[in-house]
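Colleague: I have a structure I would like to understand better, so I am pasting it below and will then ask my questions one at a time.
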């Protein structure tokens, strides 16, 4: 018969006791999907306090424009979710982006990103 060290038995007993008490890691909380251009209805500015705060510094006309566009065409993020959105002019059109990092890609390939807005 194999010999079992006392430490191994104590650890096994403690582990069994924890498992029998239901001491298991809790499952991760469900994460709601990020809004995308394909799902603009999911992007709900009225229900998000952070977004509402980010849009508070905009003029009423700009705020309305952001709420109509809803999504950054470059990142697919909800406008206002990364702070106050930025308005840029691309091909004689005003476009809102979520952050300064999205401006270069938008200016480099405007047709790709404007198509996102037209399809959204």
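Colleague: Evaluate the following for residue 59: is it modelled with pLDDT of 95 or more and touching a strand residue (DSSP E or B) at 6+ places or on another chain (Cβ under 8 Å)?
Modeller: It is false that residue 59 is modelled with pLDDT of 95 or more and touching a strand residue (DSSP E or B) at 6+ places or on another chain (Cβ under 8 Å).
Colleague: Name the residues in segment 77-120 that are part of a loop (DSSP other than H, G, I, E, B), touching a residue at least 40 places away in the same chain (Cβ under 8 Å) and within 17 Å of residue 54 (Cβ to Cβ), would you?
Modeller: Residue satisfying the conditions is 77 alone.
Colleague: When the residues of segment 100-116 are narrowed to those that are out of contact with any strand residue (DSSP E or B) (no Cβ under 7 Å at 6 or more places or on another chain) and crowded, with 16+ Cβ neighbours inside 10 Å, which ends up modelled with the highest pLDDT?
Modeller: Among them, the one singled out is 102.
The values are calculated or read from the model by the stated rules, or taken from the named source; none is laboratory data. Every value quoted in this text rests on a predicted model; they were computed, and no experiment measured them. Cβ coordinates were reconstructed from backbone atoms using ideal geometry, including for glycine residues, and neighbour counts include every protein chain displayed.
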